[in-house]
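A short write-up of the structure that comes next.
The values are calculated or read from the model by the stated rules, or taken from the named source; none is laboratory data. The shown structure was predicted, so the numbers you read here are calculated from the model rather than taken from an experiment. With ideal geometry, Cβ positions are generated from the backbone for all residues, glycine too; neighbour counts draw on all protein chains shown.
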Amino acid sequence: MNLKTILAYLWKLPLCGFGFFMGVALSGMILPMLGLQAPEMPEGVDANTIMLWYLLGSMLLALALSFLSRNLPVHGLLRWIILFELSWVFGALGVVIEASFFMTTGAVSSSMNALFTVLNFLLPAIFLSALVVVLFRPLPPVEPCRRSFQSYVASHKKSSWMWRILLALLAYPVIYFAFGLLVQPFIQDFYAAGQYELTLPTWKELIPLQLTRSALFLVASLPVLVWWRGSRRKAWLTLGASIFILTAFMAVITAYWFPWQLRLFHGLELLADALVYAGVLTLLFRASSTK
């Protein structure tokens with residue numbers, strides 16, 4: 001990355017962050033008109049402070065998505081759809097579904113509150129991904145990818161697709177539980193005591209929860225691997241870093257009121273989850289014609 005590119009990032013990332021911020025503001029006005037009321041914020045959280053964290057965190061989201069955008073040589077509309085669904089599924093839908101089982105906070109204290117929280121990030125994800133697509137175009141030489149989804153599916157036999165999808169669906173829960181158990185000794189007291197509106201779900205709840213999230217994550221990730229330009233290693237690292245920042249956005253990056261132990265160990269857990277999961281997906285689904 002040369003100096004010119006670095007200087008460009010210095011104004012492009014804040015612009016993307018502003019787009020995300022405007023999406024949050026518009027959602028806050030539109031959703032009440034549709035009969036959805038904003039849930040109460042966690043105890044001790046200041047609205048102005050959390051919006052500042054959202055603005056700063058959204059620039060990290062834009063940074064992650066920019067590397068994806070630069071390596072997807074497809075039509076701008078398709079690139080926008082890919083980045084939007086990836087950011088919304090990982091950064092909002094998947095996080096809210098999980099938080100509904102692990103937290104009693106207002107944002108997920110009822111189905112209507114959870115719906116508001118998920119929809120509240122719809123416009124921000126749309127605006128952010130659109131700006132990333134416009135500002136961070138595929139790197140030259142631009143050779144539009146002519147691979148269709150149908151040809152990609154046809155590249156493997158039906159039986160091959162079945163075991164790959166099954167393995168991918170099982171991989172995320174296994175990865176999640178493995179690293180979750182490693183960090184559990186450092187954070188379990190917060191959950192056991194019910195501090196910071198945290199709670200512990202049962203294993204009967206956790207297993208179907210993570211299988212559901214795994215299916216959503218697979219659907220969101222697959223288009224990146226179908227149309228990725230570059231090596232498997234680069235796809236793994238870029239997708240892994242993006243998944244980490246997206247999943248950590250609400251749970252770690254912007255959750256400034258959580259104690260440092262929670263943010264640190266959950267952050268390490270999410271980083272390990274993202275890198276290993278992206279590695280599994282890359283091995284299973286990255287087109288065999290690349291390294």
>> Please verify whether M51 is surrounded by fewer than 17 Cβ atoms within 10 Å (Cβ to Cβ) and either aliphatic (A, V, I, L, M) or farther than 18 Å from A130 by Cβ (or both), treating the condition exactly as stated.
In response: yes
> How many of the residues making up the range 233-291 are crowded, with 19+ Cβ neighbours inside 10 Å, part of a loop (DSSP other than H, G, I, E, B) and among the hydroxyl-bearing types (S, T, Y)?
Replying inline: 1
>> List the residue pairs whose Cβ atoms are under 7 Å apart, where the first residue sits in the range 172-184 and is within 16 Å of T247 (Cβ to Cβ), the second is of a type in the set (K, R) and surrounded by fewer than 15 Cβ atoms within 10 Å (Cβ to Cβ), and the two are 6 or more positions apart or on different chains.
In response: none
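Find the residue count for the range 9-55, including only residues that are closer than 25 Å to A114 by Cβ, of a type outside the set (V, I, T) and not in a loop (DSSP other than H, G, I, E, B).
Here is the first cut: in the range 9-55, the residues closer than 25 Å to A114 by Cβ are 19-55.
Applying the additional criterion that residues be of a type outside the set (V, I, T) yields 19-23, 25-29, 31-44, 46-48, 51-55.
Restricting the remaining residues to those that are not in a loop (DSSP other than H, G, I, E, B) gives 19-23, 25-29, 31-33, 47-48, 51-55.
Here the count works out to 20.
Take I82 and tell me if it is of a type in the set (V, I, T), touching a helix residue (DSSP H, G or I) at 6+ places or on another chain (Cβ under 6 Å) and assigned to a helix (DSSP H, G or I). Outline the logic, then answer.
Values: of a type in the set (V, I, T): yes; touching a helix residue (DSSP H, G or I) at 6+ places or on another chain (Cβ under 6 Å): yes; assigned to a helix (DSSP H, G or I): yes.
The answer is yes for I82.
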> Of the numbered conditions (1) β-branched (V, I, T); (2) farther than 20 Å from S214 by Cβ; (3) crowded, with 18+ Cβ neighbours inside 10 Å, I175 satisfies every one except a single condition; which is it?
Replying inline: (2)
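For W227, state whether it is touching a Cys at 6+ places or on another chain (Cβ under 8 Å) and in contact (Cβ under 8 Å) with a residue 60 or more places away in the chain. Working first, answer last.
Details: touching a Cys at 6+ places or on another chain (Cβ under 8 Å): yes; in contact (Cβ under 8 Å) with a residue 60 or more places away in the chain: yes.
Yes; evaluated as a whole, the condition is true for this residue.
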> When you go through F136, F84 one by one, which is the residue that is within 16 Å of T247 (Cα to Cα), aromatic (F, W, Y) and modelled with pLDDT of 90 or more?
Replying inline: F84
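What do you reckon, is A92 touching a Gly at 6+ places or on another chain (Cβ under 8 Å) and either buried (at least 22 other Cβ atoms within 10 Å of the Cβ) or closer than 20 Å to M41 by Cβ (or both)? Step through it out loud before you land on a result.
Numbers: touching a Gly at 6+ places or on another chain (Cβ under 8 Å): no; either buried (at least 22 other Cβ atoms within 10 Å of the Cβ) or closer than 20 Å to M41 by Cβ (or both): yes.
For A92, the condition - touching a Gly at 6+ places or on another chain (Cβ under 8 Å) and either buried (at least 22 other Cβ atoms within 10 Å of the Cβ) or closer than 20 Å to M41 by Cβ (or both) - is not met.
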> Which residues, taken from the range 99-115, are part of a helix (DSSP H, G or I) and hydroxyl-bearing (S, T, Y)?
Replying inline: S100, S111
> Hey, among the residues in the range 99-109 that are at pLDDT 90 or above and small (G, A, S), which one's surrounded by the most Cβ atoms within 10 Å (Cβ to Cβ)?
Replying inline: S100
>> Restricting to the range 120-136, name every residue that is under 11 Å from G23 (Cα atoms) and of a type in the set (A, V, I, L, M, F, W, C).
In response: F121, L122, L123, A125, I126, F127, L128
> Any chance the range 135-149 includes a residue that's under 22 Å from G279 (Cα atoms) and assigned to a helix (DSSP H, G or I)?
Replying inline: yes
